[in-house]
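A.B. asks: Mind having a look at this structure? Questions to follow.
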Amino acid sequence: MDGDPDRRIKLRDLKVFQAAAETGSMAKAAARMSITQPAVSYAISELEHAVGVPLLDRSSQGVTPTVYGRALLARSAIVFNELRHGISEIASLADPEVGELRIGTTPPMSAVASAVFNRLVPRYPRMRFELTVGPTDVLLRQLRQRDVEVVISRLASMAGNDDLSVETLFHDELVVICSKQSKWASRRNVALADLLGEPWVFPPATGFLTGVMRGEFEAQGLEFPRATVTTSCTYSLSVLVGNGNFLGIHPRAMLTTPNEHPQLTSVDVRLPTTRGAIGLIALKDRALSPVAKLFAQSVAPVLQDIQPKRISRAAQK
């Protein structure tokens, strides 16, 4: 390799290379970039000359990234995301009421994020938010790729995540949820053992929350019930529980925005071992943008507005 990437790589050439790799075609890349096909070929040739290795395999079927090309694609995505982050931060510094935040949350924490958006947007109408919802391991990968700036998730062990910083936002526990029309909705001091014979909706057995649930049943000397329905989709869970006789177990945060799940309520049963910290996760070497800081500062006030007594007790602990 005799290239000189520090001096010769051009951002536009990187963008053209991304388009060709993603579309699998020089012609489609040209259409996406609104340039000619020869200009695409020239840009990629210049980039390959700069790095000193072939980036694309050409064939009559189109183009595919080489092993070198895949490595460059992964890093170039980070480059463009960092540039986007920097431009957004400059805009926020120039005008504190302008900015963009790309945030990742697990499904139950999306209710918290939505409540914060509802609080901030009327005050800062020129701010923009992009919400990604998924499992924690996927979100952390997107965080490292700079596809999102921060992640809100229940905090498990951070071993092996020395590149991440964590700020605890609040504490939350799991609750048994049922329909407001369920016989369990109005009962008080329910024992978990009383619910074993009911039909349950659970997340997949390999999921993190399932392990937390299983630990609570074991702590109370109970066998973990068999799931009637298994789903990782929060929407499906809310429909099944809200419109039928199913029970589910979910983070209480799901109920912090009643308008999103108007048919759901919690059963008066204690799950003491399931209480855990909910945190804001970010990269250690990346300063939070002004919008991200404002978002983090707004979580506790939003939850206090919705559940003042519960959050106040959590803060005391």
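A.B. asks: Need one number: nm distance between label points at Ala185 and Arg70, each 7 Å from Cα along Cα→Cβ, rounded to one decimal.
C.D. replies: Spacing of the two 7 Å Cα→Cβ label points: 5.2 nm.
A.B. asks: In whole angstrom, note down how far apart the Cα centers of the range 213-238 and the range 176-198 are.
C.D. replies: 14
A.B. asks: Counting DSSP beta bridges in the chain, what percent are antiparallel, to the nearest 5?
C.D. replies: Beta bridges within the chain, antiparallel portion: roughly 60 percent.
A.B. asks: Once the Cα atoms of helix 234-243 and of the chain are each reduced to a long axis, what angle between those two axes, in degrees from 0 to 90 to the nearest 10, is obtained?
C.D. replies: Helix 234-243 and the main axis of the chain meet at about 30 degrees.
A.B. asks: Additional query: So for the range 63-220, what are the equivalent ellipsoid semi-axes in whole Å, largest first, each being the square root of 5 times an eigenvalue of the Cα gyration tensor?
C.D. replies: 38, 23, 14
A.B. asks: Based on the Cα atoms of the range 189-292, what semi-axes does the equivalent ellipsoid have, where each is the square root of 5 times one gyration tensor eigenvalue, given in whole Å with the largest first?
C.D. replies: 28, 18, 14
A.B. asks: Equivalent-ellipsoid semi-axes (√(5λ), Cα gyration tensor) for the range 142-238, whole Å, largest first?
C.D. replies: 31, 16, 14
A.B. asks: Just subtract the alpha-carbon distance of Arg128 and Thr231 from 0.36 nm times their residue separation and send over the number in nm, one decimal.
C.D. replies: Between Arg128 and Thr231, full extension yields an extra 34.0 nm.
A.B. asks: Once the piece of chain linking Ala287 and Thr168 is laid out straight, how much longer is it, given 0.36 nm per residue of separation minus the C-alpha distance between them?
C.D. replies: Values: separation 119, 0.36 × 119 = 42.84 nm, distance 1.70 nm.
Full extension from Ala287 to Thr168 adds 41.1 nm.
A.B. asks: Another question, then. Given that compact globular proteins tend to follow 2.2 N^0.38 Å, what is the ratio of the alpha-carbon Rg of the range 7-113 to that value?
C.D. replies: Against the empirical 2.2 N^0.38 Å value, I get 1.34 for the range 7-113.
The numbers here are math on the coordinates, done by the rules we state, and not lab data. These numbers come from a predicted model, not from an experiment. As a convention, Cβ positions derive from the backbone with ideal geometry for all residues, glycine included, and neighbour counts pool all protein chains shown.
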